[in-house]
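In what follows, a structure is listed as structure tokens, so that the remarks can point back to it.
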Amino acid sequence: MSTTIAAILFVGVIAYALFGGADYGAGFWDLTAGGPERGRRSRELISLSLSPVWEANHTWLIFCLVTLWTGFPQAFAAITTTLYVPLGLAALGIVTRGAGFAFRHSLPEGRGEQLSSAAFACSSVLTPFFFGTVAGGIASGRVPTDGHGDPLSSWVNPTAALGGVLAVAVCAYLAAVFLNGQAQRRGDEQLEAAFRDRAVAAAVATGLVALAGVFVLRSDSPRLFHQLSTVGAPLLAVSAVCGLIALLLLRRSRTVVVRGMAATAIATVVAGWGVAQYPYLLGTHLVIQQAAAPTATLWVLVVVSCVAAALIAPSLLVLYVLQLRRKLG
């Protein structure tokens, strides 16, 4: 039962990495779009693409936090009492990002609108970075079982830095692929080509970061490196193949297939981390079964998760389909 709950939790992590990641990546391209005039069309496309769905994607983050807190209270306490600095900065980034996105549409053009846009864009880069450092701190075993670990070295270390940079690169890649499809649907060939080039650049950058990460993990997190290079290797290979297919099809404008391949590439990378982490929930010292809540609580959590999936998943699916068909903006 504890393994089932862990799998459900990781499904939520993958969903947030995909849908939330694409949102954060759009903010990255907003930040790098250029000056007000040069980046105007790119920012308009980003705003039109994000407006109907961006808040909805935080549903996955809430689901993950509630599942972790209920199903694995010991691990939740250990993580929040050790990694409270990056978690707090990520939460601040989410709030600042939301405020910036909302105000830049309501303020008249000028200094206030520019500051709101800057808050949205900068927070969109910093938030996934801090979430990545949290993942790196957990994966590298720097969160003690009893919590209250070092508040600085737990997330300021090579593996955590790798996780943060990789998170930003992955978000930028996902967003570029999705925005390329949105530009194609709107018949804007110039923006379509621009985001196609950005997707290729982001994919290359992600690959280089992942390659550098091999050496980082080998020296800083040997157990994680060993697991990724053995049990996690098939998933990483699938990710690499899907990523290459997505880039090849990107030139041929196969929008639906490209999005599917890009999403699969990212999902398998995150799943590879989960497989490499198993059977531990924290580093190499807290096994999933040891951290789990009582069996009765886990059963209730399974039922609640099934009900939530039956109610929320169809609603989100309809929202995404309407957005992709340009019925919402």
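The values are calculated or read from the model by the stated rules, or taken from the named source; none is laboratory data. Quick caveat: nothing in here was measured; it's all calculated off a predicted structure. No Cβ is skipped: glycine too gets one built from the backbone with ideal geometry, and neighbour counts run over all protein chains shown.
So which residues in the range 44-55 are modelled with pLDDT of 80 or more and either buried (at least 21 other Cβ atoms within 10 Å of the Cβ) or aliphatic (A, V, I, L, M) (or both)?
Leu45, Ile46, Leu48, Ser49, Leu50
Pairs under 6 Å by beta carbon, first residue among the hydroxyl-bearing types (Ser, Thr, Tyr) in the range 233-252, partner crowded, with 17+ Cβ neighbours inside 10 Å and at pLDDT 90 or above, six or more apart or different chains?
From the range 233-252, the pairs are Ser239/Ala265; Ser239/Thr268; Ser239/Val269.
I'd like to check something: does the range 199-218 contain any residue that is under 19 Å from the mean Cα position of the chain (by Cα), part of a helix (DSSP H, G or I) and surrounded by 24 or more Cβ atoms within 10 Å (Cβ to Cβ)?
Checked against the condition, which is being under 19 Å from the mean Cα position of the chain (by Cα), part of a helix (DSSP H, G or I) and surrounded by 24 or more Cβ atoms within 10 Å (Cβ to Cβ), the range 199-218 yields at least one hit.
Determine the pairs where a residue that is under 17 Å from Ala15 (Cβ atoms) and of a type in the set (Phe, Trp, Tyr), located within the range 267-284, has a partner that is modelled with pLDDT of 90 or more and in a helix (DSSP H, G or I) with Cβ atoms under 8 Å apart, the partner being 6 or more residues away or on another chain.
Filtered contacts from the range 267-284: Trp273/Ala135; Trp273/Ala139; Trp273/Leu228.
Which numbered condition in (1) free of Cβ contacts under 8 Å to residues at least 60 places away in the same chain; (2) closer than 30 Å to Thr284 by Cβ; (3) out of contact with any Phe, Trp or Tyr (no Cβ under 6 Å at 6 or more places or on another chain); (4) not aromatic (Phe, Trp, Tyr) is the only one that Thr133 fails?
Checking Thr133 against (1) free of Cβ contacts under 8 Å to residues at least 60 places away in the same chain; (2) closer than 30 Å to Thr284 by Cβ; (3) out of contact with any Phe, Trp or Tyr (no Cβ under 6 Å at 6 or more places or on another chain); (4) not aromatic (Phe, Trp, Tyr), the one that fails is (3).
Scan the range 9-23 and give yes if some residue there is acidic (Asp, Glu) and in contact with a Phe, Trp or Tyr (Cβ under 7 Å, 6 or more places away or on another chain), otherwise no.
Yes, the range 9-23 contains at least one residue that is acidic (Asp, Glu) and in contact with a Phe, Trp or Tyr (Cβ under 7 Å, 6 or more places away or on another chain).
Which one of the conditions (1) farther than 30 Å from Leu286 by Cα; (2) part of a helix (DSSP H, G or I); (3) not basic (Lys, Arg) does Trp54 fail to meet, given that it meets all the rest?
(2) is the only condition that Trp54 fails.
When Trp155 is evaluated against the numbered criteria (1) of a type in the set (Phe, Trp, Tyr); (2) within 28 Å of Ala291 (Cα to Cα); (3) assigned to a helix (DSSP H, G or I), which criterion, by number, is the only one it fails?
Checking Trp155 against (1) of a type in the set (Phe, Trp, Tyr); (2) within 28 Å of Ala291 (Cα to Cα); (3) assigned to a helix (DSSP H, G or I), the one that fails is (3).
Which of (1) in contact with a strand residue (DSSP E or B) (Cβ under 7 Å, 6 or more places away or on another chain); (2) closer than 15 Å to Ala26 by Cβ does Phe120 not meet, given it meets every other one?
Phe120 satisfies every listed condition except (1).
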